[in-house]
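Down below is the structure, laid out as structure tokens.
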Amino acid sequence: MSEPNHLLTESLRSEAKRLGFCHVGVCDAVAPPGFERLRQWLEAGYAGQMHYLAERLDAYRHPDHVLEGARSLLVLATDYLNVDPEGDTENHGKISRYAWGLDYHDVLWDRLNTLAEFHRGLAPEAQVRGVVDTAPIMEREFAVLAGLGWIGKNTLLLTRDRGSWLFLSVLLTTEELVPNAPFASDHCGTCRACIDACPTGALVEPYVLDARRCISYLTIELRDPVPVELREPTDDWLFGCDICQEVCPWNRKRHKQATDPESNPEFRPLEGLPSLDLLELFQWDDAAFRNRFRKTPLWRAKRRGLLRNAAIILGNHASPDATEALLKGLADVEPLVREASAWALGRIGDHRSLAALRSQRKVEEDPTVCETIRRVLG
């Protein structure tokens, strides 16, 4: 067996820091220790509609399935926390902090590609591959093995200096690098802040998330109507949720030097964020949505998903000011939008809203929308 390449390891660390990765760790390409927990989690049904996880479960068994012959993993963290901008709140929907700026996939891919080319320049015979949460790699498990931090009770990677406001990415290589010592401690202790704060009870026990109840899943991954019993708890979250991170003591204890509002400008809020005017959203067609969101994480939910979420928020607030927008939603081409708008109009419950629902019931063909209107009208 060859000796680890010390010079290559240190050179990659330095280049990664120069590119903007705030934490850099190395571990061997081994079977992730959490694979069995992942299998049990999937068998429990906690993944909901994220069927792609089960479909490629075997690929998570070893990094060799992502890069054949991989010997080492360079695990990288990127801090996306920045200054909280001020914004309107009335008839606005909140967006998870990670989605305020440009799509992190694109930003990190550019950095990984640069790092991979740097690696090839130093080791031309090596095979290298960079991944950003789209390949079957258990990034959090390998981050622990690489000494970056520990997995908290909210299932996110936690670090002592920057908390959990981090994007994780990995550079796999067939070269043997010098590994870090694994992070051996769990600093959550007896704290239950994240578990107790989750409004939908998605953290069913410490370190176990039922994605089917998670607001992030409901507003992003779910392609069906949001279960009625979970609509009020989503409150005014339009895309994602940060509650379990906001209440975490480790995020409140971030070192001052770790918070640099000028770092990673790609993740600073784009115009109109971190919240969006919900009434305005109902005026946009597909082209407007595409032009506004295609280079941001919000594009994943598509127009129909964002409008569904917007209607639920407006229904939760039950403001008559939202009636006009919801009437447009009730006539939308997407059944998903019509269903949520019907529910929201029922929550407002004024004469105009109920009259519109009675009219829609006469022409509505989608069975799910029909059932919602029937329940609303009683």
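The values are calculated or read from the model by the stated rules, or taken from the named source; none is laboratory data. Only a predicted model underlies this, so the values are computations on that prediction, with no experimental measurement involved. Backbone-built Cβ (ideal geometry, glycine too); neighbour counts: all protein chains shown. For accessibility, only protein heavy atoms count, side chains too; no ligands or nucleic acids. Shrake-Rupley method; radii C 1.70, N 1.55, O 1.52, S 1.80 Å.
As a test of understanding, state the convex hull volume per residue of the range 283-378 from its alpha carbons, in Å³.
Details: hull volume 8.5 nm³, N = 96.
With only Cα atoms used, the range 283-378 gives 89 Å³ per residue.
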Give the residue from ALA123, LEU279, PRO63 lying farthest towards the positive end of the charge dipole for the chain; charges sit on Cβ (+1 for Lys and Arg, -1 for Asp and Glu) and the dipole is referred to the Cα centre. LEU279
So, R0 is 25 Å and r is the distance between the beta-carbons of ARG56 and ARG290; what FRET efficiency does that work out to, to 0.05? 0.30
Calculate how steeply helix 351-363 sits against the longest principal axis of the alpha-carbon atoms of the chain, using the helix alpha-carbon long axis, and give the answer as 0 to 90 degrees to the nearest 10. 80
Could you work out the relative contact order of the chain, using alpha carbon pairs under 8 angstrom and six or more residues apart, expressed as a whole percent? 20
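Mind ranking 219-225, 156-162, 195-201 by how tightly packed they are, going by the mean number of other C-beta atoms within 10 angstrom, highest first?
156-162, 219-225, 195-201
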Å² per residue, accessible surface of the chain at 1.4 Å: 46
Give me the angle, in degrees from 0 to 90, between the Cα long axis of helix 6-19 and the longest principal axis of the Cα atoms of the chain, rounded to the nearest 10. 30
What ranking of VAL178, VAL226 comes out by heavy-atom accessible area, probe 1.4 Å, highest first? VAL178, VAL226
With Cα atoms, 0 to 90° folded angle of helix 335-348 axis to the chain main axis: 60
Count the DSSP beta bridges whose two residues both fall in the chain, then state the antiparallel fraction as a percent rounded to the nearest 5. 95
Hits among lysines - C-alpha to C-alpha of LYS17 under 22 Å, sequence gap 8 or more where chains match: LYS256
Three principal axis extents, largest first, for the C-alpha atoms of the chain, in Å? 77, 42, 41
Quick one: which of LYS94/LYS362; LYS94/LYS328; LYS295/LYS362; LYS94/LYS253; LYS295/LYS328 span more than 32 angstrom between C-alpha atoms? LYS94/LYS362; LYS295/LYS362
Normalise the Debye intensity by I(0) for the range 313-366, one equal point scatterer per Cα, no solvent, then take log10 at q = 0.13, 0.18 Å⁻¹ and round to two decimals. -0.24, -0.47
What distance in nm separates the two pseudo spin-label positions at TYR207 and HIS187, each 7 Å out from Cα along the beta-carbon direction? 1.8
